[in-house]
1. Determine if segment B:37-55 includes at least one residue that is touching a residue at least 40 places away in the same chain (Cβ under 8 Å) and in contact with a Phe, Trp or Tyr (Cβ under 7 Å, 6 or more places away or on another chain).
2. Yes or no: segment B:182-195 includes at least one residue that is farther than 19 Å from B:G27 by Cβ, within 16 Å of ligand 1 (Cβ to nearest atom) and either within 12 Å of chain A (Cβ to nearest Cβ) or at pLDDT below 95 (or both).
3. Check B:Y133 against each of (1) more than 10 Å from every other protein chain (Cβ to nearest Cβ); (2) more than 16 Å from ligand 1 (Cβ to nearest atom) and name the one condition it does not meet.
4. From the list A:S167, A:S180, A:S124, A:S100, pick out the single residue that is more than 14 Å from every other protein chain (Cβ to nearest Cβ), of a type in the set (G, A, S) and touching a Ser or Thr at 6+ places or on another chain (Cβ under 9 Å).
5. Residues that are touching an Asp or Glu at 6+ places or on another chain (Cβ under 7 Å), at least 1 per element: which helices (runs of 4 or more DSSP H) completely within segment A:100-218 meet that?
6. Restricting to segment B:136-169, and then to whatever is without any contact (Cβ under 8 Å) to a residue 60 or more places away in the chain and among the basic types (K, R), can you tell me which residue is nearest to the other protein chains (Cβ to nearest Cβ)?
7. Can you find even one residue in segment A:183-190 that is surrounded by fewer than 17 Cβ atoms within 10 Å (Cβ to Cβ), touching a Gly at 6+ places or on another chain (Cβ under 7 Å) and away from every other protein chain (no Cβ under 14 Å)?
8. Quick one: B:Q142 ticks every box in (1) under 25 Å from B:G27 (Cβ atoms); (2) at pLDDT 95 or above bar one, so which box is it?
Amino acid sequence: MTKFIAHATEYLPLLLNGVWLTVMITLFALCLATALGLVWALFRTSGIWSLAVPTRLLVDFVRGIPLLVVLFYIYFVAPDIGINLTALQAGTIGLGLAHSCYLGETFRAGIEAVDTGQIEAAKSIGMKRPLMMRRVVLPQAFKIILPPYANNMVMLLKDSSLVSVISVQELTMQGKMLASSTFDNMTVFTLVALLYLCLTVPLNLLMRKMEIYLGAAG
Amino acid sequence: MIIFDDVHKSFGLHEVLKGINAEIAKGQVVCLIGPSGSGKSTLLRCVNGLENYQRGRISIDGTVVDAASPQVHTICTRVSMVFQRFNLFPHRTALENVMEGPLYVLKENRKQVRERAMALLNRVGLADKTNAYPASLSGGQQQRVAIARALAMRPQAILFDEPTSALDPEMVGEVLQVMRALADENMTMLVVTHEIQFAREVSDSVLFLDGGRIVEQGPAKELLRHPKHERTKDFLHRVMHPV
Ligand SMILES: Nc1ncnc2c1ncn2[C@@H]1O[C@H](COP(=O)(O)OP(=O)(O)OP(=O)(O)O)[C@@H](O)[C@H]1O
Ligand SMILES: [Mg+2]
């Protein structure tokens, strides 16, 4: 045990570099996924055929491909059509894009779960769609969406480990490199796992708190 | 003021309104009665553009209601609706519910809207509930807030779709009382209801709808006391003498 602690303190600074990058990738990808996901959901519930159908195709398409393949695609194929991205950019965009499609479906379900009586009430006081969305539908959908959204956020954080395959030096990649240079697989990967837990557990707790708070607000 | 001219409406192949002709003058209270599924709600919802119709026309003060037109929203600012299930916004207080339309749709001054909303809640007897959320209000209270919300738009007419059907019996009276007061102030009202007593006392005329057609229409007292058609007699008998 003391040996573990001694080694751990030695490895930790390197791994913390990885943690930092993991957090940054997750945050940026989450922003992208949330913004795009909202757009997909609004398009799909718009009732406008020319917005809904292409969105549906895109979402189903991306959801049907392994995330790893999406990442390879963006990193290796994009340069062929003249878009040069660093591994970090490609990884973040890939994660964000893929998760925007998962989140889009979550958002859509939340929007559709809002009682139709609410929509009729909004229309009956003369609201047009954008105002109705902003003032009536989205605030109510928010509460429905929050638990699956939190869940998705944790998944996104864990999925960020996949960008290690396109050589982004986030937590998993740092661990892999450290393990292959020290041969101390046990200590390194235990640390890596613990560090991921340090990120995901508070996230879960925070969300549970928020859910209770929102539930109480009625 | 509201004119129905040969209005036809179908859901797919199912024709629900089969040529409705009627006229509601300004300041009149008209009750719409009829058996379940006869198309009462549908007719009401066509008036403020919640549903479209295929043939004929509905006009309000000369403006034709067309659910497909981009101007349909302006109809809703002139004709308000009160629903069977209240449909208050659950995430807003009673006051906020009433303020929502004038503030965000009509874009009126917040301070004035607030004062008027307070006055309206006072008028429906809920001055002490301004900051209550709908979930903490009784059904009768919620429906009165909904009426205040409808009034806040300064409508030229209000549509009521079975406003007391979802209420416990002891709360029906308080809502009908508010509606009665509106009628006394000459608000134009089209009311779908099973409250025959209310129809008799408050409304100027009654439309009896059955199978998508107006079977009989006339002054409330006359039609309800001496219905001419068998189907009207049948229906009234069933409503007034439930087994
Ligand atoms: N959105 C819809 N899609 C398909 N059919 C509908 C729809 N809304 C109503 N209908 C049908 O139209 C007919 C009339 O319905 P409507 O709700 O207008 O009746 P109603 O007179 O209000 O009845 P109730 O007293 O039960 O409220 C019914 O047969 C109903 O099944
Ligand atoms: Mg009905």
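1. no
2. Yes - at least one qualifying residue is present in segment B:182-195.
3. The failed condition is (1).
4. On the way: A:S167 fails: touching a Ser or Thr at 6+ places or on another chain (Cβ under 9 Å); A:S180 fails: touching a Ser or Thr at 6+ places or on another chain (Cβ under 9 Å); A:S124 fails: more than 14 Å from every other protein chain (Cβ to nearest Cβ).
Result: A:S100 is the single residue among A:S167, A:S180, A:S124, A:S100 that is more than 14 Å from every other protein chain (Cβ to nearest Cβ), of a type in the set (G, A, S) and touching a Ser or Thr at 6+ places or on another chain (Cβ under 9 Å).
5. Details: elements: A:116-124, A:129-132, A:138-159, A:171-182, A:185-217.
The qualifying helices (runs of 4 or more DSSP H) are A:138-159.
6. Residues of segment B:136-169 that are without any contact (Cβ under 8 Å) to a residue 60 or more places away in the chain, as a first pass: B:136-142, B:144-145, B:148, B:152, B:154, B:164, B:167-169.
Going one step further and asking which of them are among the basic types (K, R), we end up with B:144, B:154.
Numbers: B:R144: 15, B:R154: 11 Å.
Selected residue: B:R154.
7. Residues of segment A:183-190 that are surrounded by fewer than 17 Cβ atoms within 10 Å (Cβ to Cβ), as a first pass: A:183, A:185-186, A:189-190.
Now drop any that are not touching a Gly at 6+ places or on another chain (Cβ under 7 Å), which leaves A:189.
Restricting the remaining residues to those that are away from every other protein chain (no Cβ under 14 Å) gives A:189.
Yes, segment A:183-190 contains a residue that is surrounded by fewer than 17 Cβ atoms within 10 Å (Cβ to Cβ), touching a Gly at 6+ places or on another chain (Cβ under 7 Å) and away from every other protein chain (no Cβ under 14 Å).
8. (1)
The values are calculated or read from the model by the stated rules, or taken from the named source; none is laboratory data. Only a predicted model underlies this, so the values are computations on that prediction, with no experimental measurement involved. Virtual Cβ from ideal backbone geometry, glycine too; neighbours counted across all protein chains shown.
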